[in-house]
Amino acid sequence: MSDMPGESKLDARLGSLLSARQKKGRFRSLKEYDTSASSRLTDFSSNDYLGLTTDASLRAAYIARLEATETVLGSTGSRLLSGGTCAHRALETRLAEHFAAPAGLLFNSGWDANVSFFSTVPQPGDAVIYDELIHASVHDGMRGSRVLASRRVPFAHNDPAALTAVLQTLDVAPGATVFLAMESLYSMDGDFAPLPALLDVFDAFVPREQQCVVVDEAHTTGVYGSRGRGIVHALDEGNRVTVRLMTFGKGAGASGAVLLCSPILRSFLINFARPFIFSTAMPLSTVVALEAVWDLLASRHGDAKRADLTRVIANLHTHLAPLLARTPSSLLRLPDPTPVPFPGATGLDPSPPAPIVGLLTPTPHALSAYLLERGFIVRPVVPPTVPPGRERVRICLRAGVSDARVAELVGAIGEWAELQQNEKARL
Ligand SMILES: Cc1ncc(COP(=O)(O)O)c(C=O)c1O
């Protein structure tokens, strides 16, 4: 008898579910690429918008901080047990001050923070109104909450008129709270929420004392606003936004998140949020890294990184515009332009450039494979992540990428588009 177990019933069942997924072209698998300096690949899919993961001065500062710190590995337990350290508390205090928030609570990830908040804070009788493109973690949180499904209502993406329509029909008991959930920058089309307009609508229908506005700044943390303090801060909307989620896995080049909120909300989460209570606290190595990251983000070097990202974004659009002008839009196009998100803003460009560019094409896998052969990692995004007809490759830009490399990327996209058109003409 072989000592290798045969295929279990479970494996057989799961295998057929995976095959079904594969047939739909939705199979996911892990792909690892060598993106080290010596490799020929340039990563245009990374969320490391400021290039901090490879920044030499940050690396040196991090190592120096580690050398000077006694405990640098795991945190050894939940924050409520042995994992609660002065280092965690000091970082939280620093971040709350940096973002001009009353308080902050660290989480191991933005996912944990959203699930914690939305599964715990909204109470029966409350309502949660959310942008239809809100991140999956908010959906998972809401699903775990005690708010009835009928009182969790989406509104059409970034659309103040759609929010108005939802609020017009919402009945709210005097003691209840209405939660409004959105992101500052959406990661599929790279479009900003028209935050002031949405908040004006909310104000028109819901008294302030019954509001709880939650803005997920995952893609803007460190990248936008003075010292990278994000969109809400830059727009001076801190008094209308109750909760902000700032994550560390993207522009901050690390991992984890801080939820900025009132001291009461912080205490409530410490008492009731299961991902916070029953999970080992953020490792001290990450806490140390984040101290070094925030030294950088709040410095001139941080300003230079943000300015450099703006250069890279402008450069991409300069090269892309003539290519798109000569290519049929059925083959390649950008999402339709959106209204200026922050008209009249003073602390921020009224329509800031975004580091995420969705290039819509009906055959994103083919384009992505072509680009990979030429040394560019650009990932395809297909349903169910985006609706059918909105397939695209997603180009993520990063400070430090040379003008020449951006030109080469666009050149390769152009070659592919030409091949497609020639092929079509031949048939
Ligand atoms: C808008 C948004 N919120 C939350 C998250 C989750 O953050 P994290 O990666 O830290 O878990 C992401 C990550 O993709 C995100 O894009």
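Values as computed for the structure displayed
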item: The range 61-297 - percent relative contact order, Cα under 8 Å, separation 6 or more; result: 30
item: Unit Cα scatterers, Debye sum, the range 61-297: log10 I(q)/I(0) for q = 0.07, 0.10, 0.13, 0.15 Å⁻¹; result: -0.22, -0.45, -0.75, -0.98
item: Zone residues, the range 381-408, relative to LEU427, backbone N less than 19 Å from point 7 Å out along Cα-to-Cβ; result: 389-392
item: Neighbour cut-off at most 14 other Cβ (10 Å), DSSP loop, chymotrypsin sites (Phe, Trp or Tyr not before Pro), the range 6-49; result: PHE27, TYR33
item: Using θ = phi - 60° and Karplus 6.51 cos²θ - 1.76 cosθ + 1.60, couplings along the range 82-93 (whole Hz; Gly, Pro as x); result: 6, x, x, 10, 4, 5, 4, 5, 5, 5, 4, 5
item: Separation of the ALA176 and VAL382 label points, Cα + 7 Å toward Cβ, nm; result: 4.2
item: Total lysine pairs under 30 Å (Cα atoms) in the chain, excluding pairs fewer than 8 apart on one chain; result: 9
item: C-alpha center-to-center spacing [the range 73-115, the range 162-204] in angstrom; result: 28
item: Sequence-distant residues sharing a close amide H with SER46 (under 5 Å, placed H); result: CYS396
item: Spacing of the two label points (7 Å from each Cα toward its C-beta) at ARG94 and ALA68, in nm; result: 1.0
item: Highest to lowest packing among 62-73, 175-186, scored as the average C-beta count within 10 Å; result: 175-186, 62-73
item: Distance in nm between pseudo-label sites at ARG208 and SER402 (7 Å out along the Cβ direction from Cα); result: 5.4
item: Efficiency of FRET from Cβ geometry, ALA136 and GLU373, R₀ 30 Å, rounded to 0.05; result: 0.45
item: Residues with amide H under 5 Å from that of PHE155, placed H, sequence gap 5 or more; result: TYR130, ASP131, GLU132
item: Part-to-part distance (alpha-carbon centres) for the range 1-51 and the range 125-147, which is given in Å; result: 29
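No lab work stands behind these numbers, since they all come straight from the coordinates. Treat the numbers as computed from the prediction; the structure is a model and nothing was measured. Don't worry about glycine lacking a Cβ; one is built from the backbone with ideal geometry, like all the others, and counts go over all protein chains shown.
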